[in-house]
Amino acid sequence: MVVSRLRSEVRKQLGENEHEADWIISHVTGMSQADFVLHPREIADEEMRQIEDIITRRNSGEPLQYILGHTEFMGMTFKVNDLVLIPRQDTETLVENIVSKIGKKKLKVLDIGTGSGCIGISIAKLCKNTEVTLLDYSDSILAVAKENADLNGVNVKTLHCDILEAVPEGQYDVIVSNPPYIETDTIFSLDNIVSSYEPVEALDGGFDGLMFYRRIAEEVAKDILNENGIIAFEIGYNQGEEVSDILREEDFSNVRVIKDSCDNDRVVMARFKPSLFSSLTD
Ligand code: GLN
């Protein structure tokens, strides 16, 4: 079959996901979208078989990023597998804001719950003077993150720590995190693509979805964030006020909620200003 016919066939078979047709064909054939038009060719039987397999998996609900094994984030390619959350466009809001805040400063950055590493690696790539550490609770997740760091040519450290059990080592100027923030009860009622394919551990934020924000603001940051350090969280669209309150109740000031491109609350940023009183009584 010639590529132009194949494109319309694949689109038809993908139904509501028709926009993914070119992505799939390019992945299998190695042809770019320009090649489809400028250098069209016959598609080999083996390529057809691979494309059909992908369509079958896709139509049963598996996210295309897991099928192909990679995705794009901040214009960079990230390897993904079912151990890690698929990087979301929403998360680019967090990266863009923290990157513009850091600029060329020489700062130590900790990405808590790094997953694919998309946040910390983007920061390392865009803010050349930072020293970035990627933290997660599992070595196999950290291996994915490390592979992505290599893929994107950045030097980062990795740190194995379950922050619910222990406080990580080190001192940092910036803590950035997109922690699991969905209420436990909501997870299984989510769009089934998310709940049946993505790791529950990457989504479950406890009974009210706020467990990780509390743990980081109340316990972790106190020990590892430098005075005047910055904390930047991704949040659910309805968590702006609650997460701001958690931070204000601790030693954070300049608490700011930032919206994403769809006008939803998406990021909370604050500065760590430990008071003399609290440092004396700690
Ligand atoms: N930091 C990763 C991301 O933003 C993983 C987040 C998570 O697992 N909750 O995609």
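Some points to look at:
- Some residue of segment 2-14 being β-branched (Val, Ile, Thr), farther than 30 Å from LEU134 by Cα, in contact (Cβ under 8 Å) with a residue 40 or more places away in the chain and out of contact with any helix residue (DSSP H, G or I) (no Cβ under 9 Å at 6 or more places or on another chain): yes
- For THR77, the criteria (1) in contact with a His (Cβ under 6 Å, 6 or more places away or on another chain); (2) without any contact (Cβ under 8 Å) to a residue 60 or more places away in the chain hold in every case but one, which is (2).
- Residue check for ASP263: on the phi > 0 side of the Ramachandran plot and without any contact (Cβ under 8 Å) to a residue 12 or more places away in the chain: yes
- Taken together, the residues in segment 117-130 that are away from the ligand (no atom under 14 Å from the Cβ), under 20 Å from GLN89 (Cα atoms) and either assigned to a strand (DSSP E or B) or without any contact (Cβ under 8 Å) to a residue 40 or more places away in the chain (or both) amount to 1.
- Residue in segment 29-36 that is loosely packed, with under 15 Cβ neighbours inside 10 Å, of a type in the set (D, E, K, R) and either assigned to a helix (DSSP H, G or I) or in contact (Cβ under 8 Å) with a residue 24 or more places away in the chain (or both) present: no
- Of the residues making up segment 45-57, at least one is in contact with a helix residue (DSSP H, G or I) (Cβ under 6 Å, 6 or more places away or on another chain), modelled with pLDDT of 95 or more and among the acidic types (Asp, Glu).
- Neighbours by Cβ (under 6 Å, 6+ apart or cross-chain): first from segment 137-162, over 15 Å from ALA124 (Cβ atoms); second of a type in the set (D, E, K, R) and assigned to a loop (DSSP other than H, G, I, E, B): TYR137/ASP162
- Single match in THR158, THR133, THR114 (criterion: within 15 Å of the ligand (Cβ to nearest atom), β-branched (Val, Ile, Thr), within 18 Å of the chain's Cα centre (by Cα) and assigned to a loop (DSSP other than H, G, I, E, B)): THR114
- Members of segment 196-225 found to be among the charged types (D, E, K, R), closer than 21 Å to GLU169 by Cα and within 15 Å of the ligand (Cβ to nearest atom), listed by number: ARG215
- For GLU96, the requirement of being buried (at least 17 other Cβ atoms within 10 Å of the Cβ), more than 18 Å from the chain's Cα centre (by Cα) and acidic (Asp, Glu) is not met.
- In segment 226-276, the residues that are farther than 26 Å from GLN171 by Cα and of a type in the set (Ser, Thr, Tyr): TYR237, SER261
- Listed conditions (1) surrounded by 12 or more Cβ atoms within 10 Å (Cβ to Cβ); (2) away from the ligand (no atom under 13 Å from the Cβ); (3) among the acidic types (Asp, Glu) are all met by GLU46, apart from (1).
- Just one of the listed residues (TYR197, TYR213) is touching a residue at least 24 places away in the same chain (Cβ under 8 Å), within 22 Å of the chain's Cα centre (by Cα), surrounded by 14 or more Cβ atoms within 10 Å (Cβ to Cβ) and closer than 30 Å to ARG58 by Cα, and it is TYR197.
- For GLU62, the criteria (1) away from the ligand (no atom under 11 Å from the Cβ); (2) closer than 23 Å to GLY236 by Cα; (3) touching a residue at least 60 places away in the same chain (Cβ under 8 Å); (4) not hydroxyl-bearing (Ser, Thr, Tyr) hold in every case but one, which is (2).
The values are calculated or read from the model by the stated rules, or taken from the named source; none is laboratory data. Given the structure is predicted, the values throughout are model-derived calculations rather than measurements. Every residue, glycine as well, gets a Cβ built from its backbone with ideal geometry; the counts of neighbours run over all protein chains shown.
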